[in-house]
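Each remark here refers to the structure printed beneath this line.
The values are calculated or read from the model by the stated rules, or taken from the named source; none is laboratory data. Quick caveat: nothing in here was measured; it's all calculated off a predicted structure. All Cβ positions, glycine included, derive from the backbone under ideal geometry; neighbour counts span all protein chains shown. Calculation scope for accessible area: heavy atoms of the full protein, side chains included, ligands and nucleic acids excluded. Shrake-Rupley method; radii C 1.70, N 1.55, O 1.52, S 1.80 Å.
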Amino acid sequence: MNNELVNTRNIGIAAHIDAGKTTTTERILYYTGVTHRMGEVHDGAATMDWMSQEKERGITITSAAITAYWNYNNIKHTINIIDTPGHVDFTVEVERSMRVLDGAVAVFCGVGGVEPQSETVWRQAERYNVPRIAFVNKMDRIGADFFTVVQEIEEKLGANPIPVQIPIGAEDKFVGIIDLIEMNAYVWNTDDNGMTFEKTSIPADLKDQADEWREKMLEKCADLGDDNFLEKYLEDSSSITEEDIKAALRNATISLKAVPVLCGSSLRNKGVQKLLDAIVAYLPSPVDVGAVKGHDPSDPDVEILRKPDNKEPFAALAFKIAVDPFVGRLVYIRVYSGTLKTGEMVYNVRTGKKERVMNLYRMSANKQQALDFVEAGDICGASGFKDIRTGDTLAEQKHPVAFESIQFPDPVIGVAIEPKTQADLDKMDVALQKLSEEDPTFKVETDNETGQTLMKGMGELHLDILIDRMKREYNIEITQGKPQVTYKEIITREVEHQEVFKKQTGGKGKFADITVRVSPSEEGATGLTFKNSIKGGVIPKEFIPAVQKGFEEAMNNGPLAGFKMQSLTVELLDGTYHSVDSDALSFEIAAKQAFRAATEKAKAILLEPVMELTVDTPDEYMGDVIADVNKRRGQVISTDSKAKMKIIKSLVPLAETFGYVTVLRTLTSGRAISSMQFHSYEEVPSQIAQGIIDQIKGKIVFIDQL
């Protein structure tokens with residue numbers, strides 16, 4: 001293992017679908033010597049897209065980890081890379097990767113620029129304070145415009161992009177880049193498909209442009225808060241050295257004040273070596289990131305820091321679980337401090353139990369290389385765990401620490417499934433359990449009334465892939481119903497309610513008396529907000545958690561049509577207990593009954609998932625596309641122009657989007673493209689809501705046929 005933490009980079013490559021993330025990763029693997037043949041996404045031969053569904057569809061579905069090495073300034077650096085999906089249905093893979101990364105490369109298409117999913121992954125990186133560099137890819141494509149993309153990064157993402165390169169030419173005339181720090185040109189050779197390049201002087205016709213952009217770069221660097229750099233810039237900018245610029249950019253990148261921007265064409269092998277240099281030069285090592293914050297498992301208010309040091313107590317975060325056909329349950333972990341040897345016991349803070357780590361692996365996509373030990377800063381695979389979930393903290397029992405877990409969105413779409421044969425029934429249950437272990441955004445439920453098994457996920461593609469995996473990996477033939485929207489419920493009024501639960505049997509009875517106030521939660525809140533206003537011990541404090549638990553469980557079944565409640569605020573005001581007959585279970589049952597009675601009087605409404613739909617269409621189809629959006633209860637929120645295309649953004653209820661891609665293809669003769677991502681839950685119009693409720697409750701609706 002590499003003991004030099006300073007020379008380690010844990011990075012992710014993230015972007016909108018089709019921006020070229022996987023192709024960029026494949027080139028990185030080739031130039032770092034991990035692979036000796038370039039895998040192509042369009043040939044289904046990419047190393048990182050190892051699943052059969054990824055090879056066939058040409059998309060990344062699951063994040064893959066791999067370790068590479070790169071020499072920079074004659075020092076060998078270890079780069080742990082995670083290639084993440086671009087499709088919004090697999091946003092969980094990006095979310096959990098960002099949680100454990102130290103830095104990221106945001107890839108943008110030179111033509112498409114900042115696209116909808118680019119914004120999503122950028123916000124995810126911001127949420128976890130992940131420093132970024134930007135790579136404008138596909139500069140050889142028709143319509144590529146580096147400077148427009150830089151402008152979009154600033155305007156749409158609110159970032160501070162600092163180009164450290166500018167392209168030489170564009171589209172089919174893109175031949176290389178000008179390095180604004182060195183003020184040299186790098187031109188890739190066409191006779192070997194860009195495998196090699198030459199360092200030359202800047203072409204005369206681009207000298208003025210290079211000088212202009214270098215001056216902009218120096219000016220931005222001077223504004224970053226480095227007093228020494230500012231002093232040099234004001235006194236004599238010619239005295240600024242390459243090392244000065246790189247140091248200023250590195251500090252600004254790590255402190256999230258700037259984003260260095262590079263360009264190239266990964267498919268044509270142009271710019272990847274310089275990107276590797278930039279990864280090492282500007283993105284942080286675990287040492288730069290510093291101590292990671294956690295808290296005492298027994299007291300969330302007590303903060304505990306874990307430094308990236310092998311001598312510190314061991315602490316790691318499990319960020320992904322995969323079921324491997326050869327090694328069984330494989331857990332991806334990021335080690336933040338200490339060391340872990342194969343065969344040692346680790347303490348799972350969530351379960352409070354110790355488990356033995358049977359094997360440790362360095363990951364290479366879906367292949368593993370056995371390791372004897374792992375250290376602070378490593379990303380690795382581990383096997384042997386019996387009870388582990390995504391987001392669990394692993395530590396030493398004598399020195400426990402709990403890191404912030406990973407937050408995952410709720411599924412928005414469901415589909416009823418059943419096996420084609422009775423023999424497949426048990427196999428299906430096992431397969432569903434394993435798939436839901438791997439993917440926290442995939443939920444399996446059983447409809448209490450019909451007995452149907454419901455799969456719930458983030459989109460139609462998400463569920464299609466899961467059903468396909470059941471067929472291929474577990475040999476189960478599945479019959480599926482139509483997609484169903486996952487609605488939610490919420491109350492709109494405040495209600496006070498007293499609930500008395502009494503049950504007398506032959507021996508000890510049951511008794512609980514609570515008075516509660518239920519009310520709508522603040523905007524943006526999810527789940528239960530519980531307030532305990534009991535004074536004077538009228539209810540013993542050991543029974544209070546049971547009241548909270550009762551409401552939490554009851555929220556899974558709302559008063560209108562049995563959908564999950566999105567949010568609820570409950571204040572426990574008063575109550576009484578019986579010294580003999582009262583127990584925790586009595587108060588839990590009382591809470592569940594109070595929930596039902598109070599919410600039925602609190603004017604509940606139905607909420608539906610609304611998607612942000614972005615359509616890129618030629619001008620002549622704009623009217624048809626907008627008319628179709630309006631027909632789907634959609635609301636157009638913006639229209640922009642880019643080249644000869646119109647970009648229409650709208651909010652459309654998920655229920656109205658099934659089969660949209662086919663309709664759009666027909667409307668625009670196949671010339672428009674669309675992307676969709678979850679936006680928010682909004683109230684369903686009352687007339688439509690009543691129809692949904694009637695359907696759920698099984699009411700027969702007679703239609704007068706004239």
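Numbers at a glance
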| quantity | calculated |
| --- | --- |
| Identity of the residue in the stretch 98-137, basic (K, R) and either in contact with a Leu (Cβ under 7 Å, 6 or more places away or on another chain) or surrounded by fewer than 23 Cβ atoms within 10 Å (Cβ to Cβ) (or both), that ends up nearest to I17 (Cα to Cα) | R123 |
| Candidate set from the stretch 138-162 (those that are open to solvent by 60 Å² or more (accessible area, probe 1.4 Å) and not in a helix (DSSP H, G or I)); member that is farthest from M645 (Cα to Cα) | G158 |
| Top-ranked residue in the stretch 242-269 [being on the phi < 0 side of the Ramachandran plot and modelled with pLDDT under 90; ranked as most open to solvent (accessible area, probe 1.4 Å)] | R268 |
| Test result for A318, at pLDDT below 90, assigned to a strand (DSSP E or B) and open to solvent by 20 Å² or more (accessible area, probe 1.4 Å) | no |
| Any hit, the stretch 346-358, residues being under 22 Å from the mean Cα position of the chain (by Cα), in contact (Cβ under 8 Å) with a residue 40 or more places away in the chain and open to solvent by less than 70 Å² (accessible area, probe 1.4 Å) | no |
| Residue check, A19 modelled with pLDDT of 75 or more, buried (at least 24 other Cβ atoms within 10 Å of the Cβ) and over 20 Å from F197 (Cα atoms) | yes |
| Residues of the stretch 546-591 satisfying the condition of being in contact with a Lys or Arg (Cβ under 7 Å, 6 or more places away or on another chain), among the hydrophobic types (A, V, I, L, M, F, W, C), part of a loop (DSSP other than H, G, I, E, B) and closer than 24 Å to P520 by Cβ | M555, A561, F563 |
| Residue list for the stretch 175-219, filter: open to solvent by less than 10 Å² (accessible area, probe 1.4 Å), farther than 14 Å from L262 by Cα and part of a loop (DSSP other than H, G, I, E, B) | G194 |
| The stretch 528-539, residues that are farther than 19 Å from E496 by Cα and modelled with pLDDT of 90 or more | none |
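Condition check ((1) within 24 Å of A525 (Cβ to Cβ); (2) open to solvent by 60 Å² or more (accessible area, probe 1.4 Å); (3) in a loop (DSSP other than H, G, I, E, B); (4) touching an Asp or Glu at 6+ places or on another chain (Cβ under 7 Å)) across all residues:
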site: M622; (1), (2), (3), (4): no, no, no, no
site: S638; (1), (2), (3), (4): no, no, no, no
site: T666; (1), (2), (3), (4): no, yes, no, no
site: S669; (1), (2), (3), (4): no, yes, yes, no
site: S674; (1), (2), (3), (4): no, no, no, no
site: Q677; (1), (2), (3), (4): yes, no, no, yes
site: E682; (1), (2), (3), (4): yes, yes, no, yes
